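Read the structure below first, then the notes.
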Amino acid sequence: MTRTIGLICGSLRGNSYNRIIAQSLTDMVDSYQFRWIEINDLPLFNEDLEISGIPETVTSFKSAIQDVDGIIIVSPEYNSGIPGVLKNALDWASRPRESAVLTKKPVGLIGATPGGMGTAFAQMQIRQILEAMQVHVLPFQKMLISQVHKKIDSDRKVLTDEQTKRYLERYLQQFIHWIDHTPVLD
């Protein structure tokens, strides 16, 4: 049985650096398949929507999370923090608390930015949010890509930097090993 990793991009731009990085993961292993889990059509989180009826986009989003063996979030950093659209998606995924779709799900974090510090601040915030949601985040590993604009081809379609590719491949292999060999803790 082939296992599946869901990819969530924290940027809405179709040709964002982080989407390019996430797309590059899909060519790195044959033993897993990848599925995009889109967040761009999610309404702003509002408990009134839960009461009146969960929107179909939210239901589809949650179902997509349930159907994968793990998630890799690839996100930029905006103003030293998590993008609002990603926070909104995580809020939807956390509800209702007793049956939240990300609870105990293995999650990896990757981030790319043209800046010099990678996405360190955003990843700290994302980890904090995921911990509050009781999500299992890949421990002891960080994948922070700085100066990403110098590592993508001039058409902004493909990651070209070989060292970054090697780091990504190593991170992905560690994530896969973690999923395959770590029992889910209750």
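The values are calculated or read from the model by the stated rules, or taken from the named source; none is laboratory data. Quick caveat, the model's predicted, so the values are computed rather than measured. We place every Cβ from the backbone using ideal geometry, glycine too, and count neighbours over all the protein chains shown. What goes into the accessible areas is simple: the full protein's heavy atoms, side chains included, and nothing from ligands, DNA or RNA. Shrake-Rupley method; radii C 1.70, N 1.55, O 1.52, S 1.80 Å.
For the chain, with all protein chains present and a 1.4 Å probe, just round the carbon and sulfur fraction of the accessible area to a whole percent. If you can, show how the numbers build up before the last one.
On the way: 4760 of 9580 Å².
The computed percentage sits at 50.
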* Structure fact -> Averaged per residue, the 1.4 Å probe accessible area of the chain, protein heavy atoms only, in Å², is roughly 52 Å²
* To do: Could you name the lysines whose alpha carbon sits less than 19 Å from that of Lys105, not counting residues in the same chain fewer than 8 places away?
  => Lys62, Lys87, Lys142
* For Val107, list long-range residues whose amide hydrogen, built 1.01 Å from N in the peptide plane, is under 5 Å from its own amide hydrogen. => Ile71, His136, Val137, Leu138
* Rounded to the nearest 500, what is the 222 nm mean residue ellipticity of the chain from helices alone, with -39500 (n - 2.57) per DSSP H run of 4+ residues and division by all residues? => -11500 deg cm²/dmol
* **Solvent accessible area, Å² - Asp161, 1.4 Å probe, full protein context** => 50 Å²
* To do: Go through the stretch 30-42 residue by residue and turn each phi into a ³J(HN,Hα) via Karplus (6.51, -1.76, 1.60, θ = phi - 60°); whole Hz please, and just put x for glycine and proline.
  => 9, 6, 10, 10, 10, 9, 6, 10, 7, 10, 6, 9, 6
* Structure fact -> Under a 1.4 Å probe, counting only protein heavy atoms, Arg3 has an accessible area in Å², nearest 10, of 70 Å²
* Calculate, in nm to one decimal, what Lys104 and Lys157 gain on full extension: separation in residues at 0.36 nm each, minus their alpha carbon distance. => 15.7 nm
* Dipole magnitude of the chain, debye to nearest 20 (Cβ charges: Lys/Arg +1, Asp/Glu -1, about Cα centre) -> 520 debye
* **Paramagnetic reach from Ala120 in the stretch 70-85 [backbone N under 14 Å; point 7 Å along Cα→Cβ]** => 80-81
* Asked: Between Leu44 and Asn15, 0.36 nm times their residue separation minus their Cα-Cα distance comes to what?
  -> 8.1 nm
* Structure fact -> Partner lysines whose C-alpha sits under 19 Å from that of Lys157, ignoring same-chain residues fewer than 8 away, are Lys165
